[in-house]
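Here the structure comes first, spelled out in structure tokens, and everything after it is commentary.
The values are calculated or read from the model by the stated rules, or taken from the named source; none is laboratory data. Keep in mind that what you see is a predicted model, and the values were worked out from it rather than measured. Quick reminder, even Gly has a Cβ in these numbers, built from the backbone with ideal geometry, and neighbours come from all protein chains shown. Each accessible area value is taken on the protein alone, full model and side chains, heavy atoms only, with ligands, DNA and RNA left out. Shrake-Rupley method; radii C 1.70, N 1.55, O 1.52, S 1.80 Å.
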Amino acid sequence: MAKVLSNKPLADKIFLLKVRFKDGINVKPGQFFNIKVCSEESYDPLLRRPLSVFDFDEDNNEVSFVYEIKGRGTRALSNYIKGDSLDIHGPLGNGFTVDFNNKKLILAGGGMGIVPLFYLAKYIEANNDLTLCLGAANKEVLKPLADYFANIAVELKLSTDDGSFGSQGTISCLLNNSSLGKEVEYDYLFGCGPEPMLGWLQSWLHEEEISGEFSLEERMACGNGLCLSCSCKTNDGNKRLCKEGPVLPASEVMLGGL
Amino acid sequence: MAKVLSNKPLADKIFLLKVRFKDGINVKPGQFFNIKVCSEESYDPLLRRPLSVFDFDEDNNEVSFVYEIKGRGTRALSNYIKGDSLDIHGPLGNGFTVDFNNKKLILAGGGMGIVPLFYLAKYIEANNDLTLCLGAANKEVLKPLADYFANIAVELKLSTDDGSFGSQGTISCLLNNSSLGKEVEYDYLFGCGPEPMLGWLQSWLHEEEISGEFSLEERMACGNGLCLSCSCKTNDGNKRLCKEGPVLPASEVMLGGL
Amino acid sequence: MDYKIDLKTELGSLQLESPVMTASGTCGFGRELTDFYELNELGGLIVKGITVDPREGNPTPRIAETAAGLINSIGLENPGLDGFIKEELPFLKSVNTKVLVNISGHSLDDFKKLAAGLAKQEGIGGIEVNVSCPNIKGGGLAFGTDPELVFKITDLVRKEYNGFVMVKLTPNVSNIIPVAKSAAEGGADALAVANTLPGMKIDIESQSPVLATGSGGLSGPAIKPVALRLVYEIVKHDILPVLGLGGIMTADDAIEYLLAGARAVGVGTATLIDPYAPIRIKTGIAEYLNKNNFENLQEIIGLAHKKGANL
Amino acid sequence: MDYKIDLKTELGSLQLESPVMTASGTCGFGRELTDFYELNELGGLIVKGITVDPREGNPTPRIAETAAGLINSIGLENPGLDGFIKEELPFLKSVNTKVLVNISGHSLDDFKKLAAGLAKQEGIGGIEVNVSCPNIKGGGLAFGTDPELVFKITDLVRKEYNGFVMVKLTPNVSNIIPVAKSAAEGGADALAVANTLPGMKIDIESQSPVLATGSGGLSGPAIKPVALRLVYEIVKHDILPVLGLGGIMTADDAIEYLLAGARAVGVGTATLIDPYAPIRIKTGIAEYLNKNNFENLQEIIGLAHKKGANL
Ligand SMILES: Cc1cc2nc3c(=O)[nH]c(=O)nc-3n(C[C@H](O)[C@H](O)[C@H](O)COP(=O)(O)OP(=O)(O)OC[C@H]3O[C@@H](n4cnc5c(N)ncnc54)[C@H](O)[C@@H]3O)c2cc1C
Ligand SMILES: Cc1cc2nc3c(=O)[nH]c(=O)nc-3n(C[C@H](O)[C@H](O)[C@H](O)COP(=O)(O)OP(=O)(O)OC[C@H]3O[C@@H](n4cnc5c(N)ncnc54)[C@H](O)[C@@H]3O)c2cc1C
Ligand SMILES: Cc1cc2nc3c(=O)[nH]c(=O)nc-3n(C[C@H](O)[C@H](O)[C@H](O)COP(=O)(O)O)c2cc1C
Ligand SMILES: Cc1cc2nc3c(=O)[nH]c(=O)nc-3n(C[C@H](O)[C@H](O)[C@H](O)COP(=O)(O)O)c2cc1C
Ligand code: FES
Ligand code: FES
């Protein structure tokens, strides 16, 4: 159980939700929480909704989420207000690899895939060189998210589909860009975003001989490894994204596999 | 649609709910409203919950309800707070006969059956002599309800099952009481309460050759006469309690009939 | 919000101005809905099931609420064939929308009599044959679970009645296809899919079933996935035009049925909770078509089969 | 909150310390639940369905949410019989509660092999036979819809396996009684009632079914009235002891099944939403018994039949 501290729109249909847990929790970047979006008196909507950690304040047990209203679950969530209690499970999943030191790291996020990269960036920026490549549909979505990264020491490269903010195009343009890839030697990439983007990143990593990892999404019923609804095909057999994931080695994932 | 003005406990599990309608409405005593107790994003609980009018303030379009928490619908209703909007249908049903003048009238209510009698009493007290016979399980339930009647010019007779407030016993004791029945000539009775009480009243009215009417309850799905879930057997054929009722002539109703 | 989108559709020989009908048992005989809107706003009106003789229906409680569902056991309270013709039909004749009369029987002969009785009347758009009632001779199992009986009933009705005949199937079968085919062989023009699922609720305080009859028919959002799948299956087998119903609360729900191949939809339980539901749903379908650049309703009917062709 | 109330029960030859088991496919092979509580808190654990050979399961999306329901089409992802014995059984042997192994097949021979394979293993409380899978030879209809096949499967399993055998029925039948009787004739010790109902959801944006396989099995509160009625019917016919399941979310739900005559209950979907659900339910049953002055669990089993005797 957590208390809602605030739940406010960042952009059209995109909300920032901040909650406080009563008990101490320990959250790693890339982990997620599974949130009940209906009251105790109701079984509809039935399932929890998984959301990645956007930010975590350890001292106050505060977790922030950024979510887009997609259907009735997220719409219901957007109706919660300050002071409401929220039935939340988590943190769940494995989270990103965070024990890098003095490395040149790329964090590539597309759309809502940007969300888990913020806490990741904050977590690892002190000891590493970060390049953030963030893409979204348009300025309205990208700017409020990108603004969060302005305060941390990262190189920020932005693109929008319609060119309304940053360069026009997809994330692939940011990575193909001469300032990246060939000239600087990158050590590792973190990727999160729609499947086509991850597919492109996978080829790019292969070509550039860089390793990396992806945070992946699948419809989840339990978030606790019980139901196998979130299976992801890898070259090491099926993995449950809620348990062995949501972060998996980029080279292992067989996108569109199952 | 109505706005919740207040929703507060009167006693353990008994709430007073006050709402304001945007548009002008016209409410008769004995009518009821059918209230949706789940959010727009949810189909559970599915059905509306019928509640009688406890009080009506015509000038401000304000309706008050008194309800007991029985199951998850009324429990969900108890979670609404000031400012929430509530999806309410009504007023529905026929309501009590109110065109009496200079009559001696008995209003007999048991348990939550007291609720519809308050607005009725207010409505007809100016032109008639009212005797209120109210019974409930105990003081905790009866007192807060009875207190409302204190301000209107009525004779108030109270009983509780456990004798904690008023005389001990059921409403039948109040009516059998020497001050009633034989000595005074009553013209008409309004009754509302559990079926055994109405059964007793029915016999009593018959014996005393007094006419009267009952406000009845049945599980309702639509409240609009569409589904026939609320049929009540009468000696004039089945009647829909939501449409031809909930108020029916006492002599017509065949209690426990269907 | 008039998008000038063509919402016309047809169920076999039955032409409808729009695809949304009210379902039997949830709109009475139409009269009550006129408090809310003109009945000609509806694609059609399917009235409460009638039987040969008047019935006072089952004892109460007749309904119980379940999670996102409603169980009912009204027991076909109705004025009987003659009562219907005398008391209800005159009003229905005055209505400018397609009126289907839902008929129910407990023997083959009942269905025959009802069809014959209605054949003599004007102003009826067609008959909906409810085969979900218990077959008294068959030990109480619903007629609709036996393809043979469904054939016989349909055939009897068809022979008595020249107009539009739609058979309303029960979802409570191991395999709906043989039943649907039987109705087609019996001469039905269309199928209504589906009726309620048998269900029960027990009151844990009184330790006995909530409904006076023990069990009843489950309707509402809870059953939508079940009925939708049946519609999809029947359409895949291309048996007869289908009216899809079961748990339709919003335009989105109705659109799912249309995408599954239903040519029209029925709205039942939703009308009980909001009498305007059928109209809201009609408008919402037009909005959806408009927003997604479809020219008319027909374009989306069955689309899920094309898109999910490998299923 | 220890009410010292006797919650013991039995399903035929299977003795249970308490009536709440986790349902197959919703508790993995038990390991994950140990993060939340000791497995011996459970009346029993019914593990994920296994098949003869390992299966990687169906393509994703494998689940869709519906009103108060969940449709799944996991496709029996599992390590196969040998994988189960090697990877999962050692842990399960260490567990101090009854472990039932759910077996699934696509041919009669599959069931025979699974029963024979498990017969050689120690530490298993019994077999739950899932007859809801499509019978490949029978055109894809579930085995469980055909009483003849249910008899054959049960008989095969019975002959290979000496221990406790429970047959898990599909609710998707016109009449459950002949199927239940066939399982009894085949030698089953108990029945699990019921599995999921076939269901579908269509995504109106992509105009195609949400599940990669088109349709799946509906579980959760939506189906509770349907499964509860089946339990009531089977108990009324006094065929075999019944494990009741389908949509049990709370103690109140479980109590409805017990009142209907189930001797134990299974909790599936609820465990997915709250892993503690089975424990909460167990405690809630004890509270109910205590509050209503029952001395032990057995007193309420089947009580709805006595109280609603005329139904
Ligand atoms: C590990 C993980 C982390 C996520 N983090 C975020 C985040 O930080 N911000 C954000 O905006 N979204 C995130 N998502 C996606 C988010 O969970 C879905 O958008 C949301 O569940 C949709 O619910 P709905 O009720 O609005 O939509 P509906 O379409 O009504 O949902 C119906 C069902 O489908 C599921 N579903 C629908 N779309 C998705 C999806 N893309 N992924 C998983 N399940 C889906 C829902 O959970 C629900 O069970 C994440 C998903 C996963 C798996
Ligand atoms: C015309 C009318 C006027 C009423 N006025 C009042 C009032 O002023 N104050 C008050 O406290 N109660 C009143 N009731 C009873 C009230 O409607 C029920 O107590 C309430 O619906 C129970 O809902 P629940 O979700 O809490 O209980 P649940 O048991 O969870 O309800 C399940 C279903 O049963 C129905 N139901 C359960 N009990 C009753 C009942 N006694 N009557 C009708 N439906 C029932 C519910 O509406 C719902 O559909 C009235 C009932 C009717 C028909
Ligand atoms: C209260 C009620 C009464 C019904 N009466 C009938 C009936 O008389 N004849 C019939 O064929 N179906 C009847 N039905 C079934 C509906 O017409 C419809 O098939 C079913 O409820 C599923 O649709 P829904 O989920 O939209 O309600 C009734 C349903 C309800 C809820
Ligand atoms: C994700 C999921 C997986 C399931 N897998 C199996 C299975 O492998 N074998 C089986 O017999 N039943 C399986 N079931 C059915 C459940 O065991 C149970 O019968 C059904 O879900 C109804 O109960 P519930 O409503 O409590 O979930 C599965 C159900 C779900 C939701
Ligand atoms: S969501 Fe259930 S196993 Fe991952
Ligand atoms: S509640 Fe539907 S007719 Fe009265």
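Being of a type in the set (Gly, Ala, Ser) and either within 16 Å of ligand 6 (Cβ to nearest atom) or more than 8 Å from chain D (Cβ to nearest Cβ) (or both) is true for just one of A:Gly256, A:Gly225. Which residue is that?
Just a single option satisfies the conditions, and that option is A:Gly256.
Quick test of your reading of the structure: A:Pro196 fulfils all but one of (1) within 14 Å of another protein chain (Cβ to nearest Cβ); (2) surrounded by fewer than 19 Cβ atoms within 10 Å (Cβ to Cβ); (3) farther than 27 Å from A:Asn128 by Cβ. Name the failing condition by number.
Result: A:Pro196 passes all but (1).
May I ask you to verify whether B:Asp57 is more than 30 Å from A:Thr74 (Cα to Cα) and either more than 14 Å from the chain's Cα centre (by Cα) or not charged (D, E, K, R) (or both)?
In short, yes.
Based on this model, can you work out whether B:Lys143 counts as modelled with pLDDT of 90 or more, charged (D, E, K, R), farther than 18 Å from B:Ala250 by Cβ and not in a helix (DSSP H, G or I)?
no
If we keep just the residues of the stretch B:234-248 that are open to solvent by 50 Å² or more (accessible area, probe 1.4 Å) and within 23 Å of B:Val53 (Cα to Cα), which is farthest from ligand 5 (Cβ to nearest atom)?
So, considering only residues that are open to solvent by 50 Å² or more (accessible area, probe 1.4 Å) and within 23 Å of B:Val53 (Cα to Cα), the one farthest from ligand 5 (Cβ to nearest atom) is B:Glu244.
All but one of (1) touching an Asp or Glu at 6+ places or on another chain (Cβ under 8 Å); (2) within 13 Å of chain C (Cβ to nearest Cβ); (3) among the basic types (Lys, Arg) hold for D:Arg263; state the number of the condition that does not hold.
All conditions pass for D:Arg263, except number (2).
Given the condition hydrophobic (A, V, I, L, M, F, W, C), open to solvent by 10 Å² or more (accessible area, probe 1.4 Å), away from every other protein chain (no Cβ under 11 Å) and assigned to a helix (DSSP H, G or I), answer yes or no: does some residue in the stretch D:294-309 qualify?
No, the stretch D:294-309 contains no residue that is hydrophobic (A, V, I, L, M, F, W, C), open to solvent by 10 Å² or more (accessible area, probe 1.4 Å), away from every other protein chain (no Cβ under 11 Å) and assigned to a helix (DSSP H, G or I).
If I filter the stretch C:174-188 for residues that are under 19 Å from D:Ile223 (Cβ atoms), modelled with pLDDT of 95 or more and surrounded by 21 or more Cβ atoms within 10 Å (Cβ to Cβ), do I get at least one hit?
Yes, the stretch C:174-188 contains at least one residue that is under 19 Å from D:Ile223 (Cβ atoms), modelled with pLDDT of 95 or more and surrounded by 21 or more Cβ atoms within 10 Å (Cβ to Cβ).
Listed here are the residues, each with its yes/no results for (1) away from ligand 3 (no atom under 16 Å from the Cβ); (2) open to solvent by 70 Å² or more (accessible area, probe 1.4 Å); (3) among the charged types (D, E, K, R); (4) more than 14 Å from chain B (Cβ to nearest Cβ).
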| residue | (1), (2), (3), (4) |
| --- | --- |
| A:Phe54 | yes, no, no, yes |
| A:Val63 | yes, no, no, yes |
| A:Arg72 | yes, no, yes, no |
| A:Tyr80 | yes, no, no, no |
| A:Ser85 | yes, no, no, no |
| A:Gly93 | yes, no, no, yes |
| A:Thr97 | yes, no, no, yes |
| A:Phe100 | yes, no, no, yes |
| A:Lys104 | yes, yes, yes, yes |
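Condition first: away from chain D (no Cβ under 11 Å), touching a residue at least 60 places away in the same chain (Cβ under 8 Å), under 19 Å from the mean Cα position of the chain (by Cα) and outside any loop (DSSP other than H, G, I, E, B). Can you find one or more residues in the stretch C:144-157 that meet it?
No.
Restricting to the stretch C:172-198, count the residues that are of a type outside the set (Ser, Thr, Tyr), assigned to a loop (DSSP other than H, G, I, E, B) and facing another protein chain (nearest Cβ under 9 Å).
3
Sort out which residues of the stretch A:199-233 are within 14 Å of ligand 5 (Cβ to nearest atom), free of Cβ contacts under 8 Å to residues at least 12 places away in the same chain and either more than 20 Å from D:Pro59 (Cα to Cα) or surrounded by 24 or more Cβ atoms within 10 Å (Cβ to Cβ) (or both), and write them in order of number.
Listed by number, the residues that qualify are A:Leu226, A:Cys227, A:Ser229.
Scan the stretch C:199-257 for residues that are of a type in the set (D, E, K, R), at the interface with chain D (Cβ under 8 Å from one of its Cβ atoms) and in contact with a strand residue (DSSP E or B) (Cβ under 9 Å, 6 or more places away or on another chain) and jot them down.
Selection gives C:Lys201, C:Lys224, C:Arg229, C:Glu256.
Has the stretch C:42-49 got at least one residue that is open to solvent by 40 Å² or more (accessible area, probe 1.4 Å), modelled with pLDDT of 95 or more and closer than 21 Å to C:Ser13 by Cα?
Scanning the stretch C:42-49 turns up no residue that is open to solvent by 40 Å² or more (accessible area, probe 1.4 Å), modelled with pLDDT of 95 or more and closer than 21 Å to C:Ser13 by Cα.
Kindly indicate whether D:Pro198 is open to solvent by 10 Å² or more (accessible area, probe 1.4 Å) and more than 25 Å from D:Thr213 (Cβ to Cβ).
no
Among the residues of the stretch C:26-79, what is the count of those that are part of a strand (DSSP E or B), within 7 Å of another protein chain (Cβ to nearest Cβ) and within 14 Å of ligand 6 (Cβ to nearest atom)?
4
Report whether or not A:Leu120 is within 13 Å of the chain's Cα centre (by Cα), over 19 Å from A:Val184 (Cβ atoms) and open to solvent by less than 10 Å² (accessible area, probe 1.4 Å).
Criteria met by A:Leu120.
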